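Enquirer: Pasting a structure here, questions to come.
The values are calculated or read from the model by the stated rules, or taken from the named source; none is laboratory data. All values reported here derive from a predicted model rather than from experimental measurement. Reconstructed Cβ throughout: ideal geometry from the backbone, glycine too, with neighbour counts over all protein chains shown.
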Amino acid sequence: VEMGSRGVNVVKVGTSGKTKKSFLTVSADRFTVYITTSKVKDGKIGLLRRVISGDGGDGEQSERAIDIGSIDRIQKGQITHKFELARKSISIGSPRRSRCMPLDPNRCFSIMFRGERTLDLMTEEFDNRDEILDILNKILEVYQSAKSQVGNDVALLRYIWIDVDKDKSNTIDCNELGKVLTRINFYMKKSQLESTYQSFGKIIGLDKSTRRKGLTFEQCCTFLHKIKRDTWQVKPVNQIWFDLFGEFMNNGTQRTRVSAESFLRKFLIKKQKEKDVDLEKVRKMFERLNQLEIANVASPNTLDSDTYMYIDKDRFEAYLMSAENDVFDPKKEQFDQACMKYSLSEYWINSSHNTYLTGDQLASQSSVEMYMYALYRGCRCVELDTWDGDYDAHGVPIPIVYHG
């Protein structure tokens, strides 16, 4: 299966159950999945309305892009509401039937993303589905592994980059940069942005022509990091950094890094009151932090060696915002068999009411898809309202679940 350069033939199922022949393609950088009506030529997709931007996502628009980071899982078979509608359209001979082709469950799958959104597809060739799913799942595994080595600022910019870089030039100019700032809720006057943009371009050595073309992804990361720091009226990270470790190092210069020993003694033990930590754990943490791809302003103080001994202020900020510094005690998430000795009513149970409904109680439909979503969200108590449905050949009513 060749998903990278030209895509594979699939059938897309729309919101109303209508089907349409399409092409499924993965971008060269493995960050985006495209669904298009024609084959990709020379790696160029064209101008797409991206699902991840939040403007729709379940409509009938045939050309879309889904960020790999927004994909929750990939499901075999026909388990979504769209597939239900497609089956009904075919079985009852509705006016839409001419626009719905037969769907083989053994060739169908759904890409579940952003909670409850789905991209529902059927491969045109029988043997292709499992191979396609294997490719997509491996890409997801690699992404999740790489994600742990990327700072929050960088991950956020990757998330919205394709929305802004409409011409696929791999650069964004001043106007496009303004759209990035809007997306991250950072407001700056147009004149101020233009002045800051030009000044930044000169600082990093870009001539007028290159500045007109725009910043690369890495340059944009640095720009965002710089204006965030420059516009802070009170610089919280600086304040915490200097309060904890002092403004100056032993050689009299301003502090640019902190040792593992000081981090352990002054921050984790004295300030955070952590007990289950030692120097070895801190050094392993420092190695991970120094391998992070983060947005920082270029500095001569690099940490090319001894990555387990020191971190700089940018890595310290990354640690403050990381899961390792979560306020919730991770030990509380571990299962303790000794606690499982009380009656069921003594426990808090994640439960779901009217699980089967796709929306409100008055106008929405019932769908088996909703049970899947509830279970994946962590619900362990679901509701089934069961009624007598149609009768079978022996006159016995077939159970049906709906809101009565």
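Enquirer: Do you know which residues across region 181-202 are β-branched (Val, Ile, Thr) and at pLDDT below 90?
Expert: Answer for region 181-202, where residues must be β-branched (Val, Ile, Thr) and at pLDDT below 90: THR182, ILE184.
Enquirer: Here's a follow-up. Check off (1) closer than 30 Å to ARG117 by Cβ; (2) within 28 Å of the chain's Cα centre (by Cα) for LEU384 and give me the number that stays unchecked.
Expert: (2)
Enquirer: Taking VAL237 as meeting all but one of (1) without any contact (Cβ under 8 Å) to a residue 60 or more places away in the chain; (2) touching a helix residue (DSSP H, G or I) at 6+ places or on another chain (Cβ under 8 Å), write down the number of the exception.
Expert: Exception for VAL237: condition (1).
Enquirer: Pick from ILE132, ILE90, ILE111: which is surrounded by 15 or more Cβ atoms within 10 Å (Cβ to Cβ), modelled with pLDDT of 75 or more and assigned to a helix (DSSP H, G or I)?
Expert: Details: ILE90 fails: modelled with pLDDT of 75 or more; ILE111 fails: assigned to a helix (DSSP H, G or I).
The conditions single out ILE132.
Enquirer: Restricting to region 358-404, and then to whatever is among the aromatic types (Phe, Trp, Tyr) and within 19 Å of GLN75 (Cβ to Cβ), can you tell me which residue is surrounded by the fewest Cβ atoms within 10 Å (Cβ to Cβ)?
Expert: TYR376
Enquirer: A further question follows. Sort through GLU333, GLU369 and tell me the only one that's at pLDDT below 85 and under 22 Å from PHE83 (Cβ atoms).
Expert: Only one candidate qualifies: GLU369.
Enquirer: Which members of region 160-180 meet the condition of being modelled with pLDDT of 85 or more, part of a loop (DSSP other than H, G, I, E, B) and surrounded by 14 or more Cβ atoms within 10 Å (Cβ to Cβ)?
Expert: THR171, ASP173
Enquirer: Starting from region 24-37, keep only residues that are aromatic (Phe, Trp, Tyr), then list their pairs with residues that are in a strand (DSSP E or B) whose Cβ atoms are within a distance under 9 Å, requiring at least 6 positions of separation or different chains.
Expert: From region 24-37, the pairs are PHE31/ASP67; TYR34/PHE23; TYR34/LEU24; TYR34/THR25; TYR34/VAL26; TYR34/ARG64; TYR34/ALA65; TYR34/ILE66.
Enquirer: Something else now. Suppose we keep only residues that are among the charged types (D, E, K, R) and at pLDDT below 90 within region 213-235. Which one would you say is farthest from GLU317 (Cα to Cα)? Spell out how you get there, then give the answer.
Expert: Our first condition is that a residue be among the charged types (D, E, K, R); within region 213-235, this holds for 213, 218, 226, 228-230, 235.
Adding the requirement that they be at pLDDT below 90 leaves 218, 226, 228-230, 235.
On the way: GLU218: 19, LYS226: 14, LYS228: 13, ARG229: 12, ASP230: 15, LYS235: 11 Å.
Filtering first and then ranking leaves GLU218.
Enquirer: What is the one condition in (1) within 28 Å of the chain's Cα centre (by Cα); (2) under 30 Å from LYS88 (Cβ atoms); (3) surrounded by 13 or more Cβ atoms within 10 Å (Cβ to Cβ) that ILE311 does not satisfy?
Expert: (2)
Enquirer: Test ASN251 against the criterion of being modelled with pLDDT of 85 or more and either in the same structural domain as ILE68 (by TED's automatic domain parsing) or part of a loop (DSSP other than H, G, I, E, B) (or both), and give yes or no.
Expert: no
Enquirer: Taking region 379-404 only, how many residues are hydroxyl-bearing (Ser, Thr, Tyr) and in a loop (DSSP other than H, G, I, E, B)?
Expert: Residues meeting the conditions: 1.
Enquirer: If you don't mind, another one. List the number of the failed condition for PHE126; all other conditions in (1) surrounded by fewer than 20 Cβ atoms within 10 Å (Cβ to Cβ); (2) of a type in the set (Phe, Trp, Tyr); (3) touching a strand residue (DSSP E or B) at 6+ places or on another chain (Cβ under 9 Å); (4) farther than 30 Å from TYR197 by Cα hold.
Expert: So PHE126 meets the others, but not (3).
Enquirer: Please give the number of the condition LEU140 fails out of (1) surrounded by 13 or more Cβ atoms within 10 Å (Cβ to Cβ); (2) of a type outside the set (Ser, Thr, Tyr); (3) outside any helix (DSSP H, G or I).
Expert: Only one criterion in (1) surrounded by 13 or more Cβ atoms within 10 Å (Cβ to Cβ); (2) of a type outside the set (Ser, Thr, Tyr); (3) outside any helix (DSSP H, G or I) is unmet by LEU140, namely (3).
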